[in-house]
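This report refers to the structure that appears directly beneath it.
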Amino acid sequence: MSKTIFEKICSREIPATIIYEDELVVAFRDVNPQAPVHILVVPRQPITRLAEAGPGAQALLGHLLLKAAQVARQAGLHGGYRLVINNGPDGGESVPHLHCHILGGRAMGWPPG
Ligand code: AMP
């Protein structure tokens, strides 16, 4: 299996603006931001998408969400933010490596497009 683009970012084979990393997750700026602050939080383990995550990923997914909250706080998003996980074609997923979008810096609309 070839590496996903996010695996290559995690291993620093391709550049990204990394703003947080630990042994389980990496957070970096989205290259095509949809809000003033748009950060992706990605598990180093290349789980394809949320629907493919098994029970063994429970602790990792909890870590991912808690780190997303920490990164959002450190990015100064004190007025709030939106977390998005796109899953599959109808969900708008374009990179088959589970990731959580942090979107903030403006008021979000509802419903999403
Ligand atoms: P999704 O559509 O939920 O799969 O989100 C994939 C996201 O990855 C999109 O918002 C892209 O802009 C972003 N993206 C793709 N390639 C890169 C890259 N090399 N560096 C940073 N973000 C990227």
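Annotations for the structure displayed:
Condition check ((1) loosely packed, with under 15 Cβ neighbours inside 10 Å; (2) near the ligand (Cβ under 10 Å from one of its atoms)) across all residues:
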position	(1), (2)
Gly76	yes, no
Ser94	yes, yes
His101	no, yes
Trp110	yes, no
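- Just one of the listed residues (Lys67, Lys3) is among the charged types (D, E, K, R) and either without any contact (Cβ under 8 Å) to a residue 40 or more places away in the chain or away from the ligand (no atom under 13 Å from the Cβ) (or both), and it is Lys67.
- The range 6-17, subset outside any loop (DSSP other than H, G, I, E, B) and near the ligand (Cβ under 10 Å from one of its atoms), residue nearest to the chain's Cα centre (by Cα): Phe6
- The sole residue among Ala27, Ala72 that is of a type in the set (A, V, I, L, M) and over 24 Å from Met1 (Cα atoms) is Ala72.
- Pairs with Cβ under 8 Å, 6+ apart, first in the range 77-92 and more than 16 Å from Gly109 (Cα to Cα), second acidic (Asp, Glu): Asn86/Glu93; Asn87/Glu93
- Selection status of Val41, touching a residue at least 40 places away in the same chain (Cβ under 8 Å) and crowded, with 17+ Cβ neighbours inside 10 Å: yes
Values quoted throughout were computed directly from the atomic coordinates according to the rules given, and no laboratory measurement underlies them. This is a predicted model, so every value here is computed, not measured. Glycine gets a Cβ as well: all are built from the backbone with ideal geometry, and neighbour counts include every protein chain shown.
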